[in-house]
1. In region B:1-23, how many are outside any helix (DSSP H, G or I), over 27 Å from the mean Cα position of the chain (by Cα) and closer than 21 Å to B:PHE41 by Cα?
2. Output yes when any residue across region A:31-44 is within 12 Å of chain B (Cβ to nearest Cβ), in a helix (DSSP H, G or I) and surrounded by fewer than 19 Cβ atoms within 10 Å (Cβ to Cβ), and no when none is.
3. Looking only at residues that are in contact (Cβ under 8 Å) with a residue 24 or more places away in the chain and more than 26 Å from B:PHE380 (Cβ to Cβ) in region A:70-95, which one is surrounded by the fewest Cβ atoms within 10 Å (Cβ to Cβ)?
4. Within region B:278-301, work out how many residues are free of Cβ contacts under 8 Å to residues at least 24 places away in the same chain and under 22 Å from the mean Cα position of the chain (by Cα).
5. Being closer than 26 Å to B:LYS69 by Cβ, within 11 Å of chain A (Cβ to nearest Cβ), of a type outside the set (Lys, Arg) and assigned to a helix (DSSP H, G or I): is that true of B:SER131 here?
6. So which of B:VAL34, B:VAL63 is modelled with pLDDT of 95 or more, assigned by TED's automatic domain parsing to the domain that holds B:ASP107, assigned to a loop (DSSP other than H, G, I, E, B) and in contact with a Lys or Arg (Cβ under 8 Å, 6 or more places away or on another chain)?
7. Since B:ALA191 meets every condition but one in (1) within 14 Å of chain A (Cβ to nearest Cβ); (2) closer than 28 Å to A:LYS305 by Cβ, which condition does it not meet?
8. If we keep just the residues of region B:396-408 that are touching a helix residue (DSSP H, G or I) at 6+ places or on another chain (Cβ under 8 Å), outside any strand (DSSP E or B) and polar (S, T, N, Q), which is nearest to B:GLN489 (Cα to Cα)?
Amino acid sequence: MGLLLSFFVVIVLVLLAFGGVEAANLQYLFGIIIPYAAFVTFIVGIFYRVVKWGRSPVPFRIPTTAGQEKSLPWIKQNKIDNPSSALGVIVRMAFEVLLFRSLFRNTKTELREGPSLAYGSAKWLWLAGLAFHWTFFIIVLRHLRLFTEPILFFVPLIESLDAFFQMGVPLLYITDVVFLMAVTYLFFRRVLIPQVRYISLAADYFPLFLILGIGVSGVLMRYFFKVDVVGAKELTMGLVTFNPVVPEGIGVIFYIHLFLVSTLLIYFPFSKLMHMAGVFLSPTRNLANNNRERMHINPWNYPVKVHTYEEYEEEFRHFMKDAGIPVEKEE
Amino acid sequence: MAVQPKVPKGISYPDELSKVDYKPPEKAWMDTPVVLKPNMFCWGNKEKSLKAVDFPNARAWSVADEDWKLPENWKEIFLEGIRERLDKYRTFRLFMDICVRCGACADKCHFFIGGGDPKNMPVLRAELLRSVYRKYFTGSGKALGKLAGARELNIGVLKELWYYAYQCTECRRCSLFCPYGIDTAEVTIIARELLNLLGLNIEWIAGPVANCWRTGNHMGLLPHTLRDTVEMFKADLETITGVKVDYSFNRKGAEILFVNPSGEYFDPNGNITFMGYMLLFHELGLDVTLSTYCSEGGNFGFFTSNEMAKRLHSKVYAEAKRLKVKWILGGECGHMWRVWHQYHNTWFGPVDFLEEPVSPITGTKFENAKSNKVVHICEFTSDLIKHGKIKLDPSRNDNYIVTLHDSCNVSRGMGFFEEPRYIIKNVCNNFYEMPPNTIRENTFCCGSGSGVNASENMELRLRGALPRANALKYVREKFGVNTLANICQIDRAALQTLADYWVPGVAIRGVHELVGNALIMRGEKERTTDLRGEPLLGKEGGENV
């Protein structure tokens, strides 16, 4: 249900943009108003969510320790997987955020006759996830060409590296290919692995289809249905300089692409995609494991009712005395 | 070696139980109501156990009954409980929001591996609660309902939450593999807190909590019983070693307060570990005292609520203060060390009435424990060995071909791997590791942690133990391993039954039991048996069988 519905919603989004621009001539709506609204929602939404998370305190220092802790001086500490200092935490987080360290640990469990359990290597999810996120990031960087004048120095550099194979006209970007492959893999994996399909919600399929739609529309625009690049840049520069203009004849595929991107930006803060920000706040990863060395303060720590020694002795004094255990009060 | 498995009553044979189907059912999980299967859940708490600690909704009830006798406004209480905890725990709020359901955690859980119930996939176990969170606390859940993965809280959902909250041992293995560090233990801890607002606990946890509140230990051992027990150990040790060991309870002015899990006074396996400590302390002439008031290092309150955990453990520092000791030494226990290491300082700090721990024997400063002043016995002992302060004869453990089970709490809640290994390698001649995917941070839970080591849920425990047992079986077949060493009292109490079923012929031993066997003491007679009275290798003809 979630799968089909998500698919149709994305199709409807495409048709909306197509119809809106082709039939109703709503270029101003799709080219200016919606992108602005989307950008504002994205920024404000993320800010709101992160602040909301941040308002909940971290009462306890509970890192998941994944290596030897700091102990006696002759025992070698695993300073990255079980950090005891801020630097260690930064390195651990960098591994986590940039290289998906935890996902790299992934294994596949198999139960064979015997019974005998085997834990095989399972790096595809890690590889596809990493490829997807990095290519997405590079593609976003490449798009800065449309939002800066003069173009930022690193953008042409990325472009030339990305077009390393010098294939086709216009030159084929490696990231475009890898990006589409990775998203497709992530989709098929979700559908084909029974356990993963079982846990999947519409909220898992929809962003996949949406992002696939963005990728496909982008690729179509670049390689197949040519759009007026100069006009497109005029529009995007108009947006960033708060001087919005809608040039004639950019091509409807551009508006479809832009509308899907806008949808993603609007959807982002309200969805699981917030894991992008959330990973930085995760207390099992971003805390040093030095609880016995430094006191961690819980802002809402409160006194609790306890059973005091006096109460204990009061109840058991005669047993204690008979057993020769010292007491505070004789009677 | 062909020892027959010991099959508990009402349980099928291992070859039958290990046929696990991982394929989820056709029907969506939200449309599949929970079935409370016998042998998979623990008995509900007794009325008196909740009353003893002033917990809400104390009443007689039974899990099997249709009516769980909840307060009329139970839904309100539960949802208000969620709201309160969302504001108190960033973990909870974050972990409710950011899961992408990638499924990397699914086959990392011992209960899922051994049982195949899809709701035991950590992601889905968390979704059970997340779905309720979405319905009442998110816009999309309120508006879109089921489509957004949200569902109404009703009695069926509540029973499901209860059933699966006590099918998680809070071992954190899933959290290791989660790309965002989502920790199911944290979700389970909160789910159990919420359930406890409605008086929905299990007796195996609630009973020990009530005992611990009153008597200072889970077992409910009274002061004279504790002394008699240790006196008995002393007599046994004198028979075996010829040495009369000293000990004391509640002695003011001792340098060190020693706190251990009370299971060691009670459980036959734990007894011997405790005897190992006694020999060591005596040989060192350590100025150490035990306490009857603080006769429990473990904390079943931690399996109930954070507040209850704090209430039970306040006695540790209170007693250290009263006895005017310098620092605290802790015994071999898993969840005890999770709590001592990750929570104590926050609950009770600053601990400025004690001194930074220094080993009186080696002069080593335990820098990593300088703030909360508690040292793990394995840190203490490995430091002794490193400095050559104790004499050891590892051949006294030659009957044992040993492997080490890393207990989940000290592994993923502390990172305690080298210390026990260093000790074992010095006190035993035969040590073999289980496969890398099943040890250290990857270790598998015994299947009985977090208070579910009862007997009425034996099938659950056996299933949960399958991955651990399987790795054990591997080294048993490959190296002839016959001993599983560990540093956790739940392991010692629970794993023997589980090993007897899955890998018969393997004995469960505490690390300090092995230390006690190997320790050469001044004035000891020639030992012919180990601390269990079993003849040493080559001494089978001895007098003392």
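1. First, the residues of region B:1-23 that are outside any helix (DSSP H, G or I): B:1-13, B:18-23.
Filter once more, keeping what is over 27 Å from the mean Cα position of the chain (by Cα): B:1-4, B:19, B:21-23.
Those left that are additionally closer than 21 Å to B:PHE41 by Cα: B:19, B:21-22.
Residues in region B:1-23 being outside any helix (DSSP H, G or I), over 27 Å from the mean Cα position of the chain (by Cα) and closer than 21 Å to B:PHE41 by Cα: 3 in total.
2. Residues of region A:31-44 that are within 12 Å of chain B (Cβ to nearest Cβ), as a first pass: none.
Scanning region A:31-44, I find no residue that is within 12 Å of chain B (Cβ to nearest Cβ), in a helix (DSSP H, G or I) and surrounded by fewer than 19 Cβ atoms within 10 Å (Cβ to Cβ), so the answer is no.
3. Step one: list which residues in region A:70-95 are in contact (Cβ under 8 Å) with a residue 24 or more places away in the chain, which gives A:70, A:82-86, A:88-89, A:92-93.
Among the residues that remain, those that are also more than 26 Å from B:PHE380 (Cβ to Cβ) are: A:86, A:89, A:92-93.
Details: A:ALA86: 10, A:VAL89: 20, A:ARG92: 25, A:MET93: 17.
In this case the residue turns out to be A:ALA86.
4. In the first step, residues of region B:278-301 are kept if they are free of Cβ contacts under 8 Å to residues at least 24 places away in the same chain; the result is B:285.
Now drop any that are not under 22 Å from the mean Cα position of the chain (by Cα), which leaves none.
Of the residues in that region, 0 qualify.
5. Working: closer than 26 Å to B:LYS69 by Cβ: yes; within 11 Å of chain A (Cβ to nearest Cβ): yes; of a type outside the set (Lys, Arg): yes; assigned to a helix (DSSP H, G or I): yes.
Against the criterion (closer than 26 Å to B:LYS69 by Cβ, within 11 Å of chain A (Cβ to nearest Cβ), of a type outside the set (Lys, Arg) and assigned to a helix (DSSP H, G or I)), B:SER131 qualifies.
6. Just a single option satisfies the conditions, and that option is B:VAL34.
7. Checking B:ALA191 against (1) within 14 Å of chain A (Cβ to nearest Cβ); (2) closer than 28 Å to A:LYS305 by Cβ, the one that fails is (1).
8. Pass one, region B:396-408, residues touching a helix residue (DSSP H, G or I) at 6+ places or on another chain (Cβ under 8 Å): B:396-397, B:400-408.
After this cut, where a residue has to be outside any strand (DSSP E or B) as well, the list is B:396-397, B:400-401, B:405-408.
Going one step further and asking which of them are polar (S, T, N, Q), we end up with B:397, B:407.
On the way: B:ASN397: 21, B:SER407: 10 Å.
That would be B:SER407.
The values are calculated or read from the model by the stated rules, or taken from the named source; none is laboratory data. Bear in mind that the values here come from a model prediction, so they are computed numbers and not experimental data. Positions of Cβ are generated from backbone atoms using ideal geometry, with glycine treated the same way; all protein chains shown enter the neighbour counts.
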